[in-house]
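The values are calculated or read from the model by the stated rules, or taken from the named source; none is laboratory data. Because the structure is predicted, anything quoted here is derived from the model rather than measured. When we count neighbours, we look across all protein chains shown, and the Cβ atoms used for this are built from the backbone with ideal geometry, even at glycine. Ligands, DNA and RNA are excluded from the accessible area calculation, which covers all protein heavy atoms including side chains. Shrake-Rupley method; radii C 1.70, N 1.55, O 1.52, S 1.80 Å.
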Amino acid sequence: MYICATFNATFKNNTTKEYKQLLKKVTDKQFRRVSKFNTMAIYGALMCLHNKNYDTNLNIYTASEYGCMEELNKVLMQVSKEDEIVMPFDFLNINGNNVGFLISEALDTIGNNFYITAEDVSFEKAFELAYFDISIDKINEALIGAVDESLDYIENINSMIKNIDNKEIYDGTSWFYLSKKNTNALAKVQIVESFTSLEELNSFLDTITYDNLSLNLFAKKQKENLHIDHKKIISQNQDFFGTYSAMYIHTLLNYNGKLLHISLDEVNRAYIFFFTK
Amino acid sequence: MKQVYITGSSLICALGNDKFQSIQTAKQIHNNNYKNFFQDNHDGFNFFKIKQVFKNEKEKFYTLLENSISQAIIDANLSKEEQKELHIFIGSTSMSISINEEQSQLYYNNQSTKMLSEVGYGNIGGFVENIIGSKYKATILQTACTSTANSLAYAKELIQANKIKRALIVGIELFNKSTYKGFESLMLLSKDGIYKPFDKQSDGLILGEACSTIILDSVQNNEDYFAITATNTSFDNYSITGSNPTGETTYQSMKEALKKAKLTLKDLSCIKAHATGSENSNLSEAKAIDTLFKEYNETTDVVILKPFLGHTLGTCGTAEIVLLCEFIKEGFIPKTLNYQNGYEDIAFEPLLENKILNNATVLFQFIGFGGSNTTLIISNKG
C-alpha cells in the first residue's frame, strides 16, 4: 500500500468566503450554503487529488476532533431563541458526515464515506480504518483527511480541548491519498499498528530501525520514557489544529529513508505509522 | 469464515427502560390503541421519548449511556477482565448536542459565561472507556442514520480478520431542538402523529429517543444466539438528503449482502426495511425491494419497526436489531402497525399479520443522509 499524494494547509482562522475563493481556483463546481468546515475539507481533498488519476470507487475517511464548530454555534444560538427557525442548510452543515457526501460530489467518486472522531487520535483512527479496508481488499484506494477549525473565538477554549502546549489554534486541512498501486508513490506504508501501553510500544520500538522520527505532542511529553533515538526526531511546524498529527506525518514524508511516526493519547496508548521511501 | 455472534444487547427507548420491558410494551401495541400509546410522549411534540426524569441534559445523556452499556455487559455475562478487551464503537447522529444546547441557552440568557459545555465528541469515548475499563481507544463513527449499523459492520469485519477479539457498539440519540427543528424545516416530520411508513397516506417521520448497545464476539456464550452472517455498505450519490428514486443503491446493497451470505430471498425470514416514513425515502426503498423481488422471482416478508420506536436516527441500527431479535425470541415477527394502503406501482405489501417463528434469518436495511446504505444479515438458525 502506498501514499500517492498528500496535501496540507493551515490558515490563521480564514472566513468561509476566503475558503470559497480558494475553492474557485480548483473547481468549477458550485457549493452553495456550505459551512467553513465543509469548504475547508472540500478544498483540501481537491488539492490532494489534483491531476491524480484516482479510482472513483475510493472511500473517503474524514477525521475531526471538533467538527463543524462555527456552524454548530450558529445553530445553538438559533435554538436558544424560542421562535427561531433552523434553516435546512444550517442543520445539514452540523451533521458531520455530510462532509463526505460533498467531497464525493466534488471529486465525482462513488465509494463510501465515513466521518470519524476519537479524542486526541481522530486522524490516527481514520487512517487505521482505511488501512484495514485496503488490507482486506475491500477497496483499492482511500482518501483520508484531517480537518479542524480554529477555535480561538471561544473563551477559555484550552480548558475544553487538549491543546497541551497552549499553542495558537489554526484552521487545518490535511489529506492523504492511499492506493495499492505504486504509480508516482511518495512512500510505502509498511506498518500501521496500535499499542495499549508504553511497555508494549517500547517492545516494538526495540525491534525497528528508522532514519527519521516524528512525535505527536503527547509522545513528545513522554520522549524520555520511549525507546527512541532522540537525534532522529524531526522539527515540526509549530501551528496547531485539532487533528495536527496529519500535518506532522505530512512533514515527515518530506524526509527520506525509513520514517516512523508515533502518536500517543492522554493515557499513553500508542499509534505507530512506519513508511519507507 | 469466522462467525461473529451477538452475545449481549440492551435497549432503552420509549417502549421501556430495558429490552425486556420494551418487548413487553411492544407486544401490547396494536393499531387500535396506537394513539393512546403515542399520546404519552414528548411535551406536545410528536416524538417518542424515553420515560425517565433527569436533573439536566448532561445527567440524562451519561446516565442512559452507562445504563445501556451496563445492561448489555450483564446480558453478555462478561467478567471485568473480558470487558477490558472490548473495542468500543459509538454511533450517533446528534451525539451530545442536547448538552451544548442547554449550556448555550444559559449563555445567551446571560446566566453563564461559558458558551459550550463540550467541544467535539471524543470525550464521550473516554467516558465509555472508563465505564468498562477498556484498554482501547473508542472510535466514534458518524454516518447519519447508518452510524451504528456501520459500526456493527466494521466491528464484525475486524473480529473476522482477527484484528480484535470482541466489540461493544453503542448508539445514543436523545431529543434536541437542533435536530427536531432541522427535520421540521426540511418538512420531513409527520403532523398527524400516526407513524405509517410505506403507507400511501404517510405524512412524514416521527423522531424518537433510544440508547442501545450490542456486544459482538467470536465466541458464542449461550444457545440463544444470533450471528451476523454478512454486511454490505454502499453509497448513493443522488442527494445529500434524499435517496435516488430508482432505489438502485439500496437494491444493490441488499443484493450484494445476500451474495456475500450465499443466500437467496427464499432463505430469508424477512427484510427489516429502513422505512422512515418520508415520501422520497419510502418510495426509493419500496422500489428497491420490489426490484429485488422481481430479480429473484421470489418474495419474503417485509417488516417495519419505526412505528414502535420512532426514528432513532444513528441509533436505529442497534435499536431495531435488538428489538427484532427480542420479537423473534418471543416467537414471532410483528405485523406492520398503521399500514392501510400501499403505493400503486409497488407490488408487495409489508407484513400484515404477526408471523410465528422461533428461528429467523433477517436482512436489515439502513439508509442515511449523506448517501450511506448499510445492509446486515443476522440469523439465529445455527
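With the simple spin-label model, which puts each label point 7 Å out from Cα in the Cβ direction, the B:Lys163 to B:Tyr225 separation comes to 2.2 nm. Cross-link pairs exceeding 25 Å between alpha carbons, from the set A:Lys188/B:Lys165; A:Lys162/B:Lys114; B:Lys27/B:Lys181; B:Lys27/B:Lys259: A:Lys188/B:Lys165; B:Lys27/B:Lys181; B:Lys27/B:Lys259.
Radius of gyration (Cα atoms) of the protein assembly as shown, expressed as a multiple of 2.2 N^0.38 Å: 0.92. In a DSSP loop and with at most 16 other Cβ atoms within 10 Å, the trypsin sites (Lys or Arg not before Pro) in the range B:273-382 are B:Lys381.
For peptide B:112-120, the mean count of partner chain Cβ atoms within 10 Å of a residue's Cβ comes to 6.
The charge dipole of the protein assembly as shown, taken about its Cα centre with unit charges on the Cβ atoms of Lys, Arg (+1), Asp and Glu (-1) only, comes to about 920 debye. Using the Karplus relation 6.51 cos²θ - 1.76 cosθ + 1.60 with θ = phi - 60°, the per-residue 3J(HN,Hα) values for the range B:261-270 come to 7, 6, 10, 10, 4, 5, 7, 8, 7, 5 Hz, with x marking Gly and Pro. From its DSSP helices (H runs of at least four residues, each -39,500 (n - 2.57)), chain A gives a residue-normalised ellipticity at 222 nm of -9000 deg cm²/dmol. Full extension of the chain segment joining A:Asn156 with A:Asp55 gains 32.0 nm, where the gain is 0.36 nm per residue of separation less the Cα-Cα distance. The mean of 1/r over all pairs of different alpha-carbon atoms in chain A, once inverted, gives a Kirkwood hydrodynamic radius of 19.2 Å.
Computed from the Kirkwood radius of its Cα pairs, the Stokes-Einstein diffusion coefficient for the range B:126-273 at 10 °C and 1.306 mPa s stands at 86 µm²/s. Note: the range B:1-70, Cα convex hull, 144 Å³ per residue. Close lysine pairs were tallied over the range B:279-382: pairs 8 or more places apart or on different chains with Cα atoms under 17 Å apart number 5. When B:His30, A:His250 are compared by accessible surface with a 1.4 Å probe, the order from highest to lowest is B:His30, A:His250. The relative contact order of the range A:177-265 comes to 39 percent, based on Cα pairs under 8 Å that sit 6 or more residues apart. Residues whose amide H lies under 5 Å from that of A:Thr243, counting only those 5 or more places away or on a different chain, are A:Glu65, A:Asp148; hydrogens are built 1.01 Å from N in the peptide plane. Across the range B:239-246, computed HN-Hα scalar couplings (Karplus, 6.51 cos²θ - 1.76 cosθ + 1.60, θ = phi - 60°) run 7, 5, 10, x, 8, 4, x, 6 Hz from first to last residue, x flagging Gly and Pro.
Here the dipole of the range B:181-340 is about 240 debye; that uses its Cα centre as origin and unit charges on the Cβ of Lys and Arg (positive) and Asp and Glu (negative).
Charge dipole of chain B (Cα centre as origin; +1 on each Lys and Arg Cβ, -1 on each Asp and Glu Cβ, all else neutral): 620 debye, rounded to the nearest 20. Each of B:Lys165, B:Lys272 has its accessible area taken with a 1.4 Å probe; listed largest first, they run B:Lys165, B:Lys272. Screening chain B for DSSP H helices whose Cα atoms reach 24 Å or more along their own axis and whose mean Kyte hydropathy is at least -1.0 gives B:57-76, B:279-296. Relative intensity of the range B:233-382 on a log10 scale, I(q)/I(0) at q = 0.17, 0.18 Å⁻¹, equals -0.95, -1.08, per a Debye sum over C-alpha point scatterers of equal strength in the absence of solvent. Heavy-atom accessible area, probed at 1.4 angstrom with all protein chains present, ranks B:Thr246, B:Thr63, B:Thr315 as B:Thr246, B:Thr63, B:Thr315, highest first. Against the main long axis of the alpha-carbon atoms of chain A, helix A:36-48 sits at an angle near 50°. Peptides B:101-114, A:130-143, ordered by how many other C-beta atoms sit within 10 Å of their residues on average, highest first, read A:130-143, B:101-114. Shielding by partners for peptide B:130-141, expressed as the average number of C-beta atoms from other protein chains within 10 Å of each residue's C-beta, is 5.
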